Every structure is written in structure tokens, then in C-alpha cells.
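Trainee: Would you mind keeping the following structure in view while I ask a few things?
The values are calculated or read from the model by the stated rules, or taken from the named source; none is laboratory data. Note that the structure is a prediction, hence the values are computed from the model and not measured. Note that we place each Cβ from the backbone using ideal geometry, even for glycine, and neighbour counts take in every protein chain shown.
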Amino acid sequence: MSPSPYFWSVLGYLVVLSVIAIRKSRAVRTEADFVLAGRGLTAPVLIATMLASWIGSGTLIAGSEYANRHGFAAIWSPAGAWLGIAVVAVLAPRVRRLEQFTLPDILELRYNRWAKLLGSITIIIAFTAIVAYQIRGMGIVLKLVAGIDETLGRIIVTAFVIGFTALAGLMSVAYMDLLNGAVILLGVIAGVPALYSVGSSHQAFLAPISSRLTWTGGLGWGETLAYFFSTCFLLLGDPQIYGKLFSAKDPREARRAVVGWIFCTVVVEVLVVVLAVEASLLDYAKLGKPAIPSQNPEYTILHAARHAFPLAMGCIFLVVATAIIVSTATSYLLMPSTNFTKNVVQRFFWPDMTQKEIVVVSRLFTLVFGLAAFLLISTFTSVLEMARYAYTVYGAGITPVVVASFLWRRVTTAGGIASIVCGTGITVGWEMVTQIAGAPPLGIPAFYPAILASIGALVLVSLITTPEPENKWRPFFEKESKES
């Protein structure tokens, strides 16, 4: 069987991205080039790369599964991120003025090197899981467009993502995302009316869209709010977002970028939920097409792109899916590799690394953590489940100490370390018990005990230990300069 137009569309897009990555790789000479794109990104580039990296399989695949099962209540999960972005918009100029490389650098500046080490370990755990479900999502795309076995598809995607990221780091990721961001935004805007038109013209909707308008879609409020706050806390401390703010040309560009990013993110995430609800209501029998597999609700949007859209629009939307997944996978793979290189290897074992050696070692660990992500895929049964785990382990383990750095002068080093240990440890332990038992202990999602322990330890230990000297917290509370 010859390859379909869907396959050639996706392949062509990946070739274009490869050309961009190869061209940008020639400009990588130093650590700042690889990790921060030379600290020269303007607001339009930052908006595109933050949008493209945030909108990933968690939105397209896990969001599809959520909307298929619970209707418009799926908006609760991305809405948590919107609250997080609003807070980041306030902090963005202050973050940029710190002139750091990675988020754990902030932890060392505000706390100590052990907080930096623990933060790096948490980033590696959470972000390797996020890369894993991006790979799983792209494996689904390749299965739909080319009939490739899902395991083989994952191998292909893993090799592709590792190669992309290792070539030029953020230098390639940011400029690839100029294209990815535009494709994602325009694609979902066009997709909603196109899919509605398909359903209306064939009388293929099973029920009015209003039937999926409920507050929680049948979930309890406890579980619903766990999705909301786990996403919010992930965004608030997301190291790849802080890394991109460090890469801004100046504090003013950082603030402009975050304002543009929140607008584009709300538009895209709302429309993705609408698309998923539309796709779940289609009567595929009336279209003469196979129904969405009941055991794979995460296929909802991709199945519609392959079997419901007209050919041209289906090709375009599968390219959108590719842009969504590849951009997030590359951005998030950059986090564990650069954090391990800079914050573990260089900080504790090889302090006199040259700029060239840092780039080489970062590329090596891009390979290591890319392979680790591939091996992690089989641990969870669904993309939605993987997303919730990753969001929780990071949101509980890192976000409280990061936000406290900028908002609470009284936080201490001991409080910060206690918070990281409690948040990360309880999440990992809770999820291990959940995987073994088949259900969370006491029926309580891991987010609640993890975040309560993390914030409780942060506050309690900080209050009973000696306050930090002013020179520790003053840089985090500096007033904005005229240039910003």
C-alpha cells in the first residue's frame, strides 16, 4: 500500500523543521547559545515558543480523552494554567533580571546548592514523564497517518526528538516554534468550524453540543479541582518557561511575551476542547467511517482529523498535531538534559567544564533522557494518567519553593528543602501505591496530600528556623528599572 497524503503532509512538515534545526545548529558555540538561544529572543519568538511548548500531548491527547469522557468540563484542566500564566506575567521582569540559566539556579541563589540538586532531580523525574507521553502521542499520529505499528512509531519519534533537541538546543527549538506556534493557532481556529460543518452537513451529530455542558462532567469536585490545581502549579514553576524568560532580550520583552502568550493559550486550549467535544458527538457510521475505538478515547481529535475532515483539512490538522507534539517534546527534553549537565555534573563533579564541553555533555544527556522517556511509556495506561502524574510531581515538588522565592521574604533554606523533599517524595510514593493497588490510597488523588505536605513543610520549617539575611532575598524583590 502506497503512503497516503496524510503521511506525506506530516513527513514534509518534519523535513521543514529539520532544515530549521540544522541551520540553527551552526550558530551554537556556547552554553548560552544552547540553553538560552544567546539571550536574544524578542517577544514574537517567545510567544510562539512558549505557546508551542506548552500546548502538547497533554492538551491534544489527554485533553481529548478528558473531553470525550466528560464534555466541556475538560476546560478545568487548562484553566489552571491560565491562572498560572497570570501570576508569571507579574513575575516575568523580575525573573529576567536575575540573569540565570535554569530554574534550579534560582533555587541555589535563594536557598543553597542542595535545593538546586533536589530541584534538578525533581525536574528530571517530571519532565522525562512529560517527554514520554509526547512520544506516545506522536506514535498515535504515525499509526493513524501511515498504519505504522505504535511501538515502531515510538522508536522513530524518539530518535527524531532526540536528534532535534541535541542539534541546537533552544536555538533550534525557539525558531522551529515560530512556525509551530503559527500552525497550532491557525489550525485550531480553522478546525472548529470545519468539523462542525462536517457534522451538520451529514446530520452526523449524536446529540446537541449543549448536552456536554456540565460543571464537572460526572467527576467529583475533588478530582476536578485536582486537575485544575495540578496544571496551575506545574505552570507556575515550569522550568522551560523560566528558561525562556531568561532567554528574553530584556525584561520588557519578557513581559510582552507573557501577555501575548496568555491570550494565544486561552484561544487554543478552549478550541481544542470544543474540537474534542465535536469529534466525540459525531456519528461516524453516517459518514461511512470507523468509530472512535472505545478503548482509546485519547484518539478523539486525531481520529476526526483522519476520518471526518475533508482530505485537505485533515492533512492540515495532522500537521497541527505534529507541530503540537514535536515542539513540546523538544522543549521538555531540553530541561532534564541541560539541568543534569549544569546543575549536577558541572556543579558537583566537573566545575571547570569549558563551553564546548558543556554543549557536548548536554547533547549526550539529551540522548540518555530521551531513551529514558521511551522506556517510561509502558508504566502508565493512558496519556491523561501520565500527564496528571507529571504535573503533580513537579507542581508539588518545585512550584511552592519557586513562588515563595518571589513572594515571601521569610522563607528559609531549610523550609525550601523540606518542601521539595515532601512534595516530590509523597507524589512518587502515592503514585507507586496507586499503580500497585490499581486505585489511589483512600480514593484521594496524589495532588492533595503532596501539595499540602509541600506547602505545610515550607511554611512551618521556615517559621521555626532563623530568617535569611537580606542579601539572600533582596534580588528577588528589586523594583523594576526604567528599561522594563
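Trainee: Find the residue count for region 86-113, including only residues that are under 18 Å from Phe477 (Cβ atoms) and over 19 Å from the mean Cα position of the chain (by Cα).
Mentor: 17
Trainee: Only residues that are basic (Lys, Arg) and modelled with pLDDT of 80 or more: list them for region 271-329, please. Even if it seems obvious, please write down each step before you answer.
Mentor: First, the residues of region 271-329 that are basic (Lys, Arg): 286, 289, 306.
Selection gives Lys289, Arg306.
Trainee: Continuing with the same structure: I need the helices (runs of 4 or more DSSP H) fully contained in region 366-460, keeping only those with at least 1 residues that are surrounded by 20 or more Cβ atoms within 10 Å (Cβ to Cβ) and without any contact (Cβ under 8 Å) to a residue 60 or more places away in the chain. Before you say what the answer is, go through the steps one by one.
Mentor: On the way: elements: 383-397, 399-407, 413-437.
Counting at least 1 such residues, we get 399-407, 413-437.
Trainee: Kindly establish whether Leu195 is assigned to a helix (DSSP H, G or I) and modelled with pLDDT under 75.
Mentor: Spelling it out, it is not the case that Leu195 is assigned to a helix (DSSP H, G or I) and modelled with pLDDT under 75.
Trainee: Let me ask something additional. Can you run down the residue pairs with Cβ atoms below 7 Å, 6 or more apart or on separate chains, where the first is in region 99-113 and assigned to a helix (DSSP H, G or I) and the partner is basic (Lys, Arg) and surrounded by fewer than 19 Cβ atoms within 10 Å (Cβ to Cβ)?
Mentor: Arg110/Lys472; Arg113/Arg347
Trainee: Out of contact with any strand residue (DSSP E or B) (no Cβ under 6 Å at 6 or more places or on another chain) and without any contact (Cβ under 8 Å) to a residue 24 or more places away in the chain: does that describe Ser337?
Mentor: no
Trainee: Just to be sure before I move on: is Ser462 among the hydroxyl-bearing types (Ser, Thr, Tyr) and under 24 Å from the mean Cα position of the chain (by Cα) in the structure I sent?
Mentor: no
Trainee: Looking at region 213-240, which of its residues are closer than 16 Å to Pro440 by Cα and of a type in the set (Asp, Glu)?
Mentor: Matches in region 213-240: Glu223 only.
Trainee: So, restricting to helices (runs of 4 or more DSSP H) that lie completely within region 1-76, which ones have at least 1 residues that are of a type in the set (Lys, Arg) and at pLDDT below 85?
Mentor: Here the list reads 5-25.
Trainee: How do the pairs read when you match residues in region 270-291 that are basic (Lys, Arg) with residues anywhere that are modelled with pLDDT of 85 or more, using Cβ under 7 Å and keeping only pairs 6 or more apart or on different chains?
Mentor: Pairs found: Lys289/His307; Lys289/Ala308.
Trainee: If Asp352 meets every condition in (1) surrounded by fewer than 16 Cβ atoms within 10 Å (Cβ to Cβ); (2) in a helix (DSSP H, G or I); (3) without any contact (Cβ under 8 Å) to a residue 24 or more places away in the chain apart from one, which number is that one?
Mentor: Condition (2) is where Asp352 drops out.
Trainee: Out of Glu278, Glu253, I need the residue that is surrounded by 22 or more Cβ atoms within 10 Å (Cβ to Cβ), more than 22 Å from Leu98 (Cβ to Cβ) and over 19 Å from the mean Cα position of the chain (by Cα). Which one?
Mentor: Glu278
Trainee: Now a separate question. Given the structure, is Asn339 more than 22 Å from Gly137 (Cβ to Cβ), in contact with a Lys or Arg (Cβ under 8 Å, 6 or more places away or on another chain) and crowded, with 24+ Cβ neighbours inside 10 Å? Walk me through it before giving the result.
Mentor: Details: more than 22 Å from Gly137 (Cβ to Cβ): yes; in contact with a Lys or Arg (Cβ under 8 Å, 6 or more places away or on another chain): no; crowded, with 24+ Cβ neighbours inside 10 Å: yes.
Spelling it out, it is not the case that Asn339 is more than 22 Å from Gly137 (Cβ to Cβ), in contact with a Lys or Arg (Cβ under 8 Å, 6 or more places away or on another chain) and crowded, with 24+ Cβ neighbours inside 10 Å.
Trainee: Conditions first: (1) aromatic (Phe, Trp, Tyr); (2) at pLDDT 85 or above; (3) over 30 Å from Ile123 (Cβ atoms); (4) surrounded by 13 or more Cβ atoms within 10 Å (Cβ to Cβ). Trp221 passes all but one, so which condition is the exception?
Mentor: Among (1) aromatic (Phe, Trp, Tyr); (2) at pLDDT 85 or above; (3) over 30 Å from Ile123 (Cβ atoms); (4) surrounded by 13 or more Cβ atoms within 10 Å (Cβ to Cβ), the lone unmet condition for Trp221 is (4).
Trainee: Among (1) more than 20 Å from the chain's Cα centre (by Cα); (2) polar (S, T, N, Q); (3) assigned to a helix (DSSP H, G or I), where does Thr322 come up short?
Mentor: If we test Thr322 against (1) more than 20 Å from the chain's Cα centre (by Cα); (2) polar (S, T, N, Q); (3) assigned to a helix (DSSP H, G or I), just (1) comes out false.
Trainee: If you don't mind, there's one more thing I want to ask. How many residues does region 364-383 hold that are at pLDDT 75 or above and among the hydroxyl-bearing types (Ser, Thr, Tyr)?
Mentor: 1
Trainee: Could we say that Leu152 is at pLDDT below 85 and over 17 Å from the mean Cα position of the chain (by Cα) here?
Mentor: No, not satisfied.
Trainee: In this structure, is Lys116 more than 19 Å from the chain's Cα centre (by Cα), buried (at least 24 other Cβ atoms within 10 Å of the Cβ) and not aliphatic (A, V, I, L, M)?
Mentor: Against the criterion (more than 19 Å from the chain's Cα centre (by Cα), buried (at least 24 other Cβ atoms within 10 Å of the Cβ) and not aliphatic (A, V, I, L, M)), Lys116 qualifies.
Trainee: Right, here's the next one. Kindly state which helices (runs of 4 or more DSSP H) lie completely within region 211-297 and contain at least 2 residues that are under 24 Å from Thr392 (Cα atoms).
Mentor: Details: elements: 221-236, 239-246, 251-281, 284-287.
Helices (runs of 4 or more DSSP H) meeting the threshold: 221-236, 239-246, 251-281.
Trainee: Of everything in region 297-336 that's crowded, with 24+ Cβ neighbours inside 10 Å and aromatic (Phe, Trp, Tyr), which residue is nearest to Val141 (Cα to Cα)?
Mentor: Of everything passing the filter in region 297-336, Phe317 is nearest to Val141 (Cα to Cα).
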